[in-house]
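Input: a single structure, listed below in structure tokens.
The values are calculated or read from the model by the stated rules, or taken from the named source; none is laboratory data. The structure displayed is predicted, hence computed values, not measured ones. Every residue, glycine as well, gets a Cβ built from its backbone with ideal geometry; the counts of neighbours run over all protein chains shown. The area values use the complete protein model at the heavy-atom level, side chains included, leaving out ligands, DNA and RNA. Shrake-Rupley method; radii C 1.70, N 1.55, O 1.52, S 1.80 Å.
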Amino acid sequence: MSELQTVSFYQTGTFTVGNRLLKQEERSVQANMQRTNSLNSGHRACQGCGEALGARYAIDAAMNASNRQLIAANATGCLEVFSTPYPETSWQIPWIHSLFGNAAAVATGLAAAMKVKGKSDVRVVAQGGDGGTTDIGFGCLSGMFERNDDVLYICYDNEAYMNTGVQRSSATPGAARTATTMPVGERPGNSFGQGKFLPAIAMAHEIPYVATATVADLRDLEAKVVRAMSFRGARYIHILVPCPLGWGSASNDTIRLARLAKETGLFPVFEAEYGEIKSALAIRRPLPVEDYLRPQKRFAHLFGKNLAVDTIARIQAKADKNIRKYGLLAKEAV
Amino acid sequence: MDKPFAITLNPGSSLANHTGSWRTMRPIYLDRLPPCNNQCPAGEDIQGWLFHAESGNYEKAWRHLTRENPFPAIMGRVCYHTCESACNRGKLDEAVGINSVERFLGDEAIKRGWKFAPQETESGKKVLIVGAGPSGMSAAYHLRRMGHAVTVMDAGPYLGGMMRFGIPKYRLPREVLDAEMQRIIDIGVTVQLNSKVDSVLDSMQAGGFDAAFLAVGAHIGKRAAIPSGDAAKIVDAISVLRSMEGEDKPMLGRRVVVYGGGNTAIDVARTAKRMGAEPIIVYRRTRDKAPAHDFEIEEALQEGVMVKWLSTIKQAGDSSITIEKMALDDDGFPQPTGEFETLEADSVVLALGQDVDLGLLNDVPGLGVKDGVVEVGLNMMTGHPGIFAGGDMVPDRRNVTVAIGHGKKAAKNIDVWLRGESVHPEPKHDLALFERLNTWYYSDAPKTVRPTLDIIRRQSTFEEVQGGLNETNALFEARRCLSCGNCFECDNCYGVCPDNAVIKLGPGKRFKFNYDYCKGCGMCVSECPCGAIKMVPEEN
Amino acid sequence: MLKQCEGSHAVAEAVAMCRPEVICAYPISPQTHIVEGIGEMVKSGELKNCEFINVESEFAAMSVAIGASAGGARSYTATASQGLLFMVEAVYNASGLGLPIVMTVANRAIGAPINIWNDHSDSLSQRDCGWIQLFAETNQEALDLHIQAFKLAEELSLPVMVCMDGFILTHAYERVDMPTQEQVDAYLPPYEPRQVLDPAEPVSIGAMVGPEAFMEVRYLAHAKQMQALERIPQLAEEFKVCFGRDSGGLTHTYMTDDAETIIIAMGSVLGTIKDTVDVMREAGHKIGVLGITSYRPFPLAAVREALKNCKRFVVLEKSLAVGIGGIVATDVRMAVTGMGLKGYTVVAGLGGRAITMKSLTAMLEKAGRDELDLVTFLDLDWKVVNKQLAREKEVRRSGPAAEAMLRDIGAVAARNY
């Protein structure tokens, strides 16, 4: 069996959640029969919720990395509402929900409390959706970054305010239909702004660690949480979590869409330390953005009677720019 | 902790909320039939044995494999591995090298001396098997493992039948053949060589057999009426190949014309080449119409065998032959053109197919023969109760793997017949189509190429042309298997469920759904790499 | 130990002696000197085991305090005016979650127009936020109330605002009796949270509560304040035992026993009022004073008791319920329901307008004759107001009122337009 060690090919490698051929310690947290299930069954997320999945992936990984010494602060939003309606909570970890816009600040307070109480082994995460992170919670988040408070902030980005009924956030992509950017008029869907890519803003704070991830690549996500937990100070992970409700996609397509977002180049998956990009996940099977857009009803108006060629080209250009900027097609990007 | 009312809650208490009630569709686990298994004429559970090989447990893999086919080392050399054509991985990059892994396992078993477990129970029934070829020995193996007393009678001096007399050494080394034959004998099969059965009924009666399985190979070369002079040396291919096994090697001369386009034609031409001759194959149609496997034609060409396509032999003289050029008509049939050519030829070897000697069946009541083969039912039984037939004797493709499959199938049916039962075959699982897979999850990996003997030695010796894989690349190749339609415990369903509604049962035990919480989103189905989950409507 | 110091500094020292563990600081006048003072103590090492966090807004200040308190740390912050309003959402949240944060509010007016000077509009706008609100009359009381506030907050698991008049107290140098650390330690035990985020005993704090339990949660908040009503006087008594002086409690009375008129107020203006009463008493006016220390919970019974022998009361408040009049007065009127008293509301001192003994005297004399309007704006410049009202009546685009009036009174150069 000694020769086994020389074979680095494992059928599915690390693409699947688990792999019976890997050594126990090389397997994912999610593959473990004794995983924490930090976000327990019985939560009220929609069928196929990407955020519920992303949250369990991330928090279980953080629990593992912190030897189960973890506290979380949660912004208002889907994740909060579906996980903690009285009289039941799905969280198995110490968890607090305060407000929509203050999760980062509450976490700062928690971290300060842990420090002053001599419980530095207890780690603090803050989490919120894109609205609670890129919009209303942005001030507190930036303050937490700037002070380099010992908090890992995780944004579950589903690109709109889903909890309130799918309204536009500053993370909503151009052309997307939301309740406040309806596909009517001369320029249907969300207008193309200049974009507000929070990972880049986080990097501008030169905090120890910034990473993006998707629910389509668990091993990458877990590795990033582990890496993030190896630092002290402010850290930020931005996870793309497709939303069947808001995106108008099939509940079984959640992971596929996250994968397509990455494979088309629309969502660059990378990590940065102290403001400098360290690596990017290479595109494995390059695809046009159309493959990503078509399965989503929020983009259905692009594929009506008249194909919205210009708009699709504009979205493709954004993907191409990401590919250039982050070197997503380069072999060494792997 | 004295918790404030309502705003502070106990951890994990949402377990009280059974979200399974939301569901309109439910996922269920299932096994689908992998296309390789579906394709295998010998009915091997290829995906099943690859599963064990993937984890490096080769003995378990070998034992799993040999439940269906006791000859992996032979198969790994002579099977035409149509499984690989069916392999879903072929649509992804290249088919899994099933055949090469099978050979690795077979060779590993020989090297390590793995034996079949001795038979512990006896049925008290006796079965006669006529013919010690692939079909007969396969049936012998299975029948013996069912507890029957098995006697194999063969007219020839060696075990193996057509595997020995029809397949050249450079494709199947005799020590490999002998090793896998011996293993059958070792589990208590009685073999009587040089024992031609002239009448099956007499032999059954004489030996007190309860049933018989007839598996006589097609040893008689077909002749064609070629106008020829008295001095012309015309022999049949199967005799040439058979004589290679004896003391007296065939005398074919330098220029050997082989007439035919099947595998036997190729085999005999390549054999002649190795004996120092200059073989030339004459075939009336084109290469793509030739029944021989293209890889064999290719190997023959590499070794210097010449081929005259679209040609028939009009006449054979003592040192030359006349051939006529042919042309394909609109229906693809060759038609004479009236153009002639003369080739030098010291001998002509006819490779126009073979017949089976059906002499032993002359007095069997009820047994039907049509087009030179025995008519059998779906259970492989002839018109005479208790007499079954398979291999070259029955209407089917003639190759080793098909014959082995016949042997297994006949064995099962003989067993059932002996116990006075009727067969209730289990319904086959749905086929694991490529469309059912989520191939994203498989690592990219090109097929491992097996080593090939250098061309000089291929032209001058009978050393095995194709080499085997070593452990490292056999393992690699095994792990290329997509495990189509069968859970390989990748944990995807367990991981991707947003509701933690999949319960992991532990290594080897797979998973089950917790329908208390499963909302029926279908993510597990979409993200199952191998298509082993499906959604079904929820019952009211 | 007696010392002469600025009010803010006195509070800073008192807070430091309460051994706070997390302090959030965001600058806003007139609160700034307090957190500056504590910040320096943390930086110098004088105050140990304390995290001093310079946050980016008052909203963050309260949010950090929420997190820290939920993490089991004694948490403190200070704010004023716009700052209090900016953190309002978090203010309600802290009380809703039952987190015993202590916050100083250096009372200041709320804009527009922007004004940095003292009145009570800021904390009174938070009347219903669920916090306990204690108003200090003097720097000594401000100092003392902070020590009591931590104890009260942590016993009840409710946040407490200690309100002190901006500039008038915060920036005034006065003599205070500074307690010793030993005294404070003897009075104030270490913080033992009612609920805390701890991996050893995980809970979810901040659930979403629907109609089935929300009323009950709100009632329990009310019930807690009712408990505070009992506990506040006891804590003042205990404080007296430890520190040897009267401080805190629900209310303070001054010459109310035989008073026909009782003037009711909160904060530092009580000093001016008492001086005025002293003078008027000499002239034979039977006037008494009721100072309200605990605005929330509002001491209905104590007020009723204090007013039981008088004929009339005047509520003088540094706040305005626009569209009706008084804020404190409304609560007082509820307290005296059925007592048949005459009651007057006097809005005074908004935006730092000086409240003079002269004006108080005139107002109280008028009240004694029951000639006072039900709602009176003390020292309102009617000339300016009427002119502006007339201007607005005449000209649709009359321009900004504040600037126009400032021109009218000559505070800025007149300009032709």
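So the values come out like this:
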quantity: Inter-residue pairs, beta-carbon under 8 Å, first outside the structural domain of B:ILE110 (by TED's automatic domain parsing) and in the range B:161-187, second open to solvent by 20 Å² or more (accessible area, probe 1.4 Å) and of a type in the set (Phe, Trp, Tyr), 6+ apart; calculated: B:ARG164/B:TYR158; B:PRO168/B:PHE462; B:LYS169/B:PHE462; B:TYR170/B:PHE462
quantity: Scan of the range B:282-305 for residues that are surrounded by fewer than 17 Cβ atoms within 10 Å (Cβ to Cβ) and under 22 Å from B:PRO336 (Cα atoms), ordered by number; calculated: B:THR286, B:ARG287, B:ASP288, B:LYS289, B:PRO291
quantity: Count of residues meeting criterion [open to solvent by less than 20 Å² (accessible area, probe 1.4 Å), facing chain C (nearest Cβ under 9 Å) and in a helix (DSSP H, G or I)] in the range A:97-149; calculated: 16
quantity: Residue ID - farthest from A:VAL151 (Cα to Cα), chosen from residues in the range A:224-253 that are open to solvent by less than 10 Å² (accessible area, probe 1.4 Å) and assigned to a loop (DSSP other than H, G, I, E, B); calculated: A:PRO242
quantity: Breaking point among (1) touching a Lys or Arg at 6+ places or on another chain (Cβ under 7 Å); (2) buried (at least 24 other Cβ atoms within 10 Å of the Cβ); (3) not charged (D, E, K, R), for C:GLY72; calculated: (2)
quantity: Filter result for the condition that a residue is within 14 Å of chain A (Cβ to nearest Cβ) and under 30 Å from C:TYR219 (Cβ atoms), over C:GLU51, C:GLU58; calculated: C:GLU58
quantity: Top-ranked residue in the range A:24-44 [being within 9 Å of chain B (Cβ to nearest Cβ) and among the hydrophobic types (A, V, I, L, M, F, W, C); ranked as surrounded by the most Cβ atoms within 10 Å (Cβ to Cβ)]; calculated: A:LEU39
quantity: B:THR8 being within 14 Å of chain A (Cβ to nearest Cβ) and over 25 Å from B:GLY113 (Cα atoms); calculated: yes
quantity: Residue check, A:PHE82 surrounded by fewer than 24 Cβ atoms within 10 Å (Cβ to Cβ) and assigned to a helix (DSSP H, G or I); calculated: yes
quantity: Wholly enclosed strands (runs of 3 or more DSSP E) of the range B:118-228 bearing at least 1 residues over 30 Å from B:ARG458 (Cα atoms) and open to solvent by 10 Å² or more (accessible area, probe 1.4 Å); calculated: B:126-130, B:149-153, B:190-192
quantity: Flag if C:GLN181 is under 22 Å from C:ARG245 (Cα atoms) and of a type in the set (S, T, N, Q); calculated: yes
quantity: A:GLY54 being crowded, with 24+ Cβ neighbours inside 10 Å, within 18 Å of the chain's Cα centre (by Cα), more than 7 Å from every other protein chain (Cβ to nearest Cβ) and over 26 Å from A:ASP121 (Cα atoms); calculated: no
quantity: Residue in the range B:459-475 that is farthest from the other protein chains (Cβ to nearest Cβ), counting only those that are surrounded by 18 or more Cβ atoms within 10 Å (Cβ to Cβ) and of a type in the set (Gly, Ala, Ser); calculated: B:GLY468
quantity: Members of the range B:270-281 that are surrounded by fewer than 24 Cβ atoms within 10 Å (Cβ to Cβ) and either modelled with pLDDT of 95 or more or within 13 Å of B:ALA345 (Cα to Cα) (or both); calculated: B:ALA277, B:GLU278, B:ILE280
quantity: Residues of the range A:58-79 satisfying the condition of being at the interface with another protein chain (Cβ under 7 Å from one of its Cβ atoms) and buried (at least 24 other Cβ atoms within 10 Å of the Cβ); calculated: A:LEU70, A:ILE71, A:ALA73
quantity: Some residue of the range C:30-45 being acidic (Asp, Glu) and either within 9 Å of another protein chain (Cβ to nearest Cβ) or within 23 Å of C:ASN139 (Cβ to Cβ) (or both); calculated: yes
quantity: Among residues of the range A:19-52, those that are outside any loop (DSSP other than H, G, I, E, B), touching a residue at least 40 places away in the same chain (Cβ under 8 Å) and within 26 Å of A:ARG232 (Cα to Cα), counted; calculated: 2
quantity: Failed item in (1) under 37 Å from the mean Cα position of the chain (by Cα); (2) not in a strand (DSSP E or B), with B:ASP318 passing the rest; calculated: (1)
quantity: Any helices (runs of 4 or more DSSP H) falling wholly within the range B:8-70 and containing at least 1 residues that are of a type in the set (Phe, Trp, Tyr) and in contact (Cβ under 8 Å) with a residue 12 or more places away in the chain; calculated: B:46-54, B:58-65
quantity: Flag if B:ILE74 is more than 14 Å from chain A (Cβ to nearest Cβ), more than 30 Å from the chain's Cα centre (by Cα) and β-branched (Val, Ile, Thr); calculated: no
quantity: Condition met for C:GLU216 (over 30 Å from A:LYS117 (Cβ atoms), at the interface with another protein chain (Cβ under 10 Å from one of its Cβ atoms) and in a helix (DSSP H, G or I)); calculated: yes
quantity: Residue within the range C:41-64 that is among the polar types (S, T, N, Q), buried (at least 24 other Cβ atoms within 10 Å of the Cβ) and not in a loop (DSSP other than H, G, I, E, B) present; calculated: yes
quantity: Positions within the range A:168-197 being touching a residue at least 12 places away in the same chain (Cβ under 8 Å), open to solvent by 20 Å² or more (accessible area, probe 1.4 Å) and over 19 Å from the mean Cα position of the chain (by Cα), in sequence order; calculated: A:ARG177, A:ALA179, A:THR180, A:PRO183, A:PRO188, A:SER191, A:PHE192, A:GLY193
quantity: Matching residues in the range B:504-540 - criterion: being within 9 Å of chain A (Cβ to nearest Cβ), part of a strand (DSSP E or B) and open to solvent by 10 Å² or more (accessible area, probe 1.4 Å); calculated: B:LYS504, B:LEU505, B:MET535
quantity: Condition check for B:ASP499: free of Cβ contacts under 8 Å to residues at least 24 places away in the same chain, open to solvent by less than 20 Å² (accessible area, probe 1.4 Å), within 7 Å of chain A (Cβ to nearest Cβ) and under 17 Å from A:ALA31 (Cα atoms); calculated: no
quantity: Search result, residues across the range B:382-398 that are buried (at least 20 other Cβ atoms within 10 Å of the Cβ) and not small (Gly, Ala, Ser); calculated: B:THR382, B:ILE387, B:PHE388, B:ASP392, B:MET393, B:VAL394, B:ARG398
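The rows are residues; the columns are (1) polar (S, T, N, Q); (2) touching a strand residue (DSSP E or B) at 6+ places or on another chain (Cβ under 8 Å).
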site: B:GLU341; (1), (2): no, yes
site: B:LEU352; (1), (2): no, yes
site: B:LEU361; (1), (2): no, yes
site: B:ASN379; (1), (2): yes, yes
site: B:HIS384; (1), (2): no, no
site: B:ASP392; (1), (2): no, yes
site: B:LEU418; (1), (2): no, yes
site: B:HIS424; (1), (2): no, no
site: B:THR439; (1), (2): yes, no
